[in-house]
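The values are calculated or read from the model by the stated rules, or taken from the named source; none is laboratory data. Given the structure is predicted, the values throughout are model-derived calculations rather than measurements. Reconstructed Cβ throughout: ideal geometry from the backbone, glycine too, with neighbour counts over all protein chains shown. To get the accessible areas, we keep the full protein, side chains included, count just its heavy atoms, and leave off ligands, DNA and RNA. Shrake-Rupley method; radii C 1.70, N 1.55, O 1.52, S 1.80 Å.
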Amino acid sequence: MDGERVPDSFASHVLVVSESVDTNDEIGVHNDVLSAILDRSDTIDLWADADLVGDEYPDVAASLREAFERIEKGRYRGALPDCRSALDALLATEGVYRFVGLERLDARVDDQLLARYVPDHSKFRIDATAAEGLDAELRRTLADAEAGILPARTLAEWSSDGIQYELRPPSLCTDRSCWGLTGVTAVRLDDADRRIELNWAEPSGVLQRAADLLFPDSPRAFAFDDEAAYRDAADAFELIAKRLEIPVERASA
């Protein structure tokens, strides 16, 4: 059972949290989703810096070492439900201890990878088909959050102004750049003109502003020659908007 060798293609879904959600609330969303996943898991592989966690949370670090088997430096394995209390304590830590002290978590059931979580990159992959009822439970968990689980597959492909686009959660991509769907703040659909417009959150932080100088601006409008391609893209954006609670405007006929 080697988590390192399992590609992200194992996932049926990805967790996407809107950029409008602040850091503390995002951690809450992650923890709520993890709770539903852990309820259906039997084994946890954990990559963690117990020494770092111990600087601020010595009791948490001690419980990790006690509840988990050390596989190699920085990697631990635990059986559920025995390790649940120690894991919940780690997930309740804050700041660098939560995002860096916990480097990665793989949850399994019957030797099948159920979820992979890398908090420092907000990377959350889920195989909702691996446990009965998980998909429905996660939707209930996220019903009141600006977050959702989205299919981890290509939802639509189209060409606009000579550029080929692929809408594959958690991103919208061309052959040169990708933009996270977390940044979409509104969608406008014009069925008559076969046109889709997107509003994006303004960049924040020095690193984000620097990235915007190096890479093209987020695409804001797409014109479609083909009705089927427009309908596929419109349906995909409507699904994303519904899951992330993004407003959708329809052009008047």
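Annotations
- Packing, taken as the mean count of other beta carbons within 10 Å per residue, orders the peptides 84-93, 175-184 from highest to lowest as 84-93, 175-184.
- About its Cα centre, the dipole of the chain is roughly 220 debye, where the only charges are +1 on Lys and Arg Cβ and -1 on Asp and Glu Cβ.
- Partnerless Cys - the chain, beta-carbon criterion under 4.7 Å: 83
- On the principal axes of its alpha carbon atoms, the chain extends 64, 42, 33 Å, with the longest extent given first.
- Separation of the residue 123 and residue 139 label points, Cα + 7 Å toward Cβ, nm: 2.8 nm
- Multiplying the residue separation of residue 217 and residue 69 by 0.36 nm and subtracting their alpha-carbon distance yields 48.6 nm.
- Value of relative contact order over the chain, rounded to a whole percent, pairs C-alpha under 8 Å and six or more apart: 21 percent
- For the range 75-183, a/c is not less than 1.5, where a ≥ b ≥ c are the root eigenvalues of the C-alpha gyration tensor, and a/b tops b/c. That puts it in the prolate class.
- Counting protein heavy atoms only, the range 76-148 has 43 percent of its accessible area on carbon and sulfur, 1.4 angstrom probe.
- Environment charge at residue 188 (Cβ cut-off 13 Å; Lys +1, Arg +1, Asp -1, Glu -1): -2
- Cα gyration tensor shape for the range 29-117, rounded if a/c is under 1.5, else prolate or oblate: prolate
- Length released on extending from residue 174 to residue 92, taking residue separation times 0.36 nm less the Cα-Cα span: 25.7 nm
- Residue 51 paired with residue 161, simple spin-label distance in nm, labels 7 Å along Cα-to-beta-carbon: 5.1 nm
- Excluding the site residues themselves, the longest part of the chain lacking any GluC sites (Glu not before Pro) in a DSSP loop with at most 16 other Cβ atoms within 10 Å is 133-244.
- Simple point charges give the picture: +1 on the Cβ of Lys and Arg, -1 on the Cβ of Asp and Glu, and for the range 55-134 a dipole about the Cα centre of about 260 debye.
- Residue with peak Gaussian network fluctuation, the chain [Cα springs, cutoff 10 Å], from 163, 44, 196: 163
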